[in-house]
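Peer 1: Got a structure here, written out as structure tokens. Questions coming.
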Amino acid sequence: MMKNLILTFILILFTVTTVMSQNISTATKNKVRVKFIAAEKLYSEKSYDDALSKINEIEGLLGSIILPTALNLKIKVLVGLEKYVDAEKELNILQNKELDEAIINDMAVYEEIISSKIKEVYKEKQRAITKQKAKEKEENRLKKQKEIFKKERLKAKGKYIDGLGKVVYHNNKYGVINEFGDEIIPFEYDKLVFEVDGKKLDPKK
């Protein structure tokens, strides 16, 4: 508990020192300090969305100025939100800054987490891509098979029923197709007996 309080104090002190060294107004510096303390508290309470909102406000106040302590906290918040890709992008920026020991210690913890989760995300994407390709391949196979069946059924001998469709025997089953080879009645019957009612075919097994 005492260690965490000391670490928090060091981070806030470093934040204040960094902000003070920048060419920004006193009012902006004070706003940044207040928002950073609030973001720290929200993070400790696991209110990650609210913490991220505070950090975004800090970034809005600072413009192009990058505050390492705020960026470090942002990365921890993004890890808490399981937004590992975004966390990795921010980490790449942070690694190019002069950092104090407290941030380095934080980085040693979350860098491994981010790296591990990014690998999982990549693997999941690859699995999704593989699954999608397999699905598309199967859909194309079925489409080609359907076209082949259409041609075979159109060529097959059969009996027309009042111009409504042609009874065809295909793949050891009876069914009915229209003039384009589309199924009117699926090919799942061992025999068919029809009752014609107007333009409706009522198959009987």
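Peer 1: Contour minus end-to-end for Val34 and Asn171, with contour as 0.36 nm per residue of separation and end-to-end as the Cα-Cα distance?
Peer 2: Full extension from Val34 to Asn171 adds 41.6 nm.
Peer 1: So what's the projected area for segment 112-178, the Cα convex hull averaged over all directions, in nm²? Intermediate values should be presented prior to the final figure.
Peer 2: On the way: hull surface 25.6 nm².
That works out to 6.4 nm², a quarter of the Cα hull's surface.
Peer 1: In segment 143-192, which GluC sites (Glu not before Pro) fall in coil by DSSP and have 16 or fewer other Cβ atoms within 10 Å?
Peer 2: Qualifying residues, ordered by number: Glu179.
Peer 1: Next question. Which of the peptides 61-71, 125-135 is most tightly packed, and how do the rest follow, judged by the mean count of other Cβ atoms within 10 Å per residue?
Peer 2: 61-71, 125-135
Peer 1: Additional query: In whole Hz, with x marking every Gly and Pro, tabulate ³J(HN,Hα) for segment 95-104 from phi via Karplus 6.51 cos²θ - 1.76 cosθ + 1.60, θ = phi - 60°.
Peer 2: Once θ is set to phi - 60°, the couplings for segment 95-104 become 5, 8, 10, 6, 10, 8, 5, 4, 5, 4 Hz.
Every read-out reported here was derived from the displayed coordinates using simple, explicitly stated rules and does not represent laboratory data. Small disclaimer: the values here were computed from a predicted structure and weren't measured. Heads up, the Cβs are rebuilt from the backbone with ideal geometry, glycines too, and the neighbour counts pull from every protein chain shown.
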